[in-house]
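For reference, the structure discussed in these notes is given below.
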Amino acid sequence: MLRLAIQKSGRLSDDSLNLIRECGISFINSSLKLKTACTNFPLEILFLRDDDIPGYVADGVADIGIVGQNVLVEEGKQELTVEALGFSKCRLSLAVPKSADYNSISDLNGKNIATSYPNLLQAFLDEQGVQAHIHTISGSVEIAPSIGLAEAICDIVSSGSTLISNGLKEVERVFKSEAVLIANQELPQEKREILEKLLFRVHAVQRARK
Ligand code: PRP
Ligand code: MG
Ligand code: ZN
């Protein structure tokens, strides 16, 4: 049995479950159960917070996982990557209040920026020669400017509707991301064989989608 970790709720959840279903793998999905065994393939699905997935896969608590590259690179666990999956594409962007006067990245010098991605943001600011104070929070980042926590935010943008709903405008793109399949690096032979079978089906689904 292979253990797959996917996001419990969020942008990647539906896309991840759809991939498994399109692979012809059946399971009972109740929103309250955080673990489910598939009925026609040796796979068990764990529903977790996306930020916890790279760590669980690195430690072998889960054998494989589907997670955004943004989370994987933020946590410095790129070495777990098996392959990019081509869905749940998004970007990590800097945003400021709609009414703010913003001309260039240097406007962020000395400002407070709220984000859940301090490492990706710091690398970008260093590259741009900008010195700002990064304030790390774990969620609801888009609320930060309106409550006086920060002048700017850096968070994931997909459709852009969360930014709009919170009166923000996107000003810089920091990182491009999509869903990736990751795996523990010391999988025993029998689990590696199940992973090979799963990958065979994933590739067939990807070809059919094109
Ligand atoms: C991201 C981000 C925004 C939302 C943006 O959350 O934090 O809330 O997606 O999407 P939109 O541009 O389509 O409105 P994510 O699903 O990555 O989950 P998490 O931040 O709760 O981990
Ligand atoms: Mg998260
Ligand atoms: Zn701070």
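The values are calculated or read from the model by the stated rules, or taken from the named source; none is laboratory data. Just so we're clear, the structure is a prediction, and the values are computed from it rather than from any experiment. In this analysis, Cβ positions are derived from the backbone assuming ideal geometry, glycine residues included, and neighbour counts consider all displayed protein chains.
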### Query
For the stretch 132-151, what are the residues that are under 15 Å from P118 (Cβ atoms) and either within 11 Å of ligand 3 (Cβ to nearest atom) or surrounded by 19 or more Cβ atoms within 10 Å (Cβ to Cβ) (or both)?
A132, H133, I134, H135, T136, I137, V141, A144, L149, A150
### Task
Mind telling me which of the residues A37, A62 ends up being free of Cβ contacts under 8 Å to residues at least 40 places away in the same chain and aliphatic (A, V, I, L, M)?
A37
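Can you spot a residue in the stretch 161-169 that is within 24 Å of I6 (Cα to Cα), loosely packed, with under 15 Cβ neighbours inside 10 Å and not assigned by TED's automatic domain parsing to the domain that holds D15? Please lay out each step first, then the result.
As a first pass, look at the stretch 161-169 and keep what is within 24 Å of I6 (Cα to Cα): 161-162.
Filter again for loosely packed, with under 15 Cβ neighbours inside 10 Å, leaving 161.
Checking the rest, the ones that are also not assigned by TED's automatic domain parsing to the domain that holds D15 come to 161.
Yes, that holds for at least one residue.
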### Message
For E193, only one of the following conditions fails: (1) exposed (fewer than 14 other Cβ atoms within 10 Å of the Cβ); (2) without any contact (Cβ under 8 Å) to a residue 60 or more places away in the chain; (3) more than 28 Å from Y56 (Cα to Cα). What is its number?
### Response
(3)
### Summary
Counted residues in the stretch 14-47 being surrounded by 15 or more Cβ atoms within 10 Å (Cβ to Cβ), β-branched (V, I, T) and farther than 23 Å from E178 by Cα come to 1
#### Entry: the stretch 103-128 residues that are free of Cβ contacts under 8 Å to residues at least 60 places away in the same chain, paired with ones that are away from ligand 1 (no atom under 16 Å from the Cβ) and in a helix (DSSP H, G or I) (beta carbon under 7 Å, 6 or more apart)
Q128/I105
### Residue in the stretch 26-43 that is within 19 Å of the chain's Cα centre (by Cα) and either acidic (D, E) or part of a strand (DSSP E or B) (or both) present
no
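Between I143, I147, which is farther than 30 Å from A58 by Cα, away from ligand 2 (no atom under 16 Å from the Cβ) and not assigned by TED's automatic domain parsing to the domain that holds G65? Before the answer, list the steps.
Details: I143 fails: away from ligand 2 (no atom under 16 Å from the Cβ).
After ruling out the rest, the residue left standing is I147.
Report whether or not L187 is within 21 Å of D52 (Cβ to Cβ), surrounded by 21 or more Cβ atoms within 10 Å (Cβ to Cβ) and either away from ligand 2 (no atom under 15 Å from the Cβ) or among the polar types (S, T, N, Q) (or both).
Criteria not met by L187.
Of all the residues that make up the stretch 103-119, how many are among the polar types (S, T, N, Q), crowded, with 17+ Cβ neighbours inside 10 Å and assigned to a loop (DSSP other than H, G, I, E, B)? Let's see the steps before the verdict.
If we filter the stretch 103-119 for residues that are among the polar types (S, T, N, Q), which is where we start, we get 103-104, 106, 109, 112, 115-116, 119.
Narrowing the set further to residues that are crowded, with 17+ Cβ neighbours inside 10 Å leaves 112, 115-116.
Checking which are assigned to a loop (DSSP other than H, G, I, E, B) leaves us with 116.
Total satisfying the criteria: 1.
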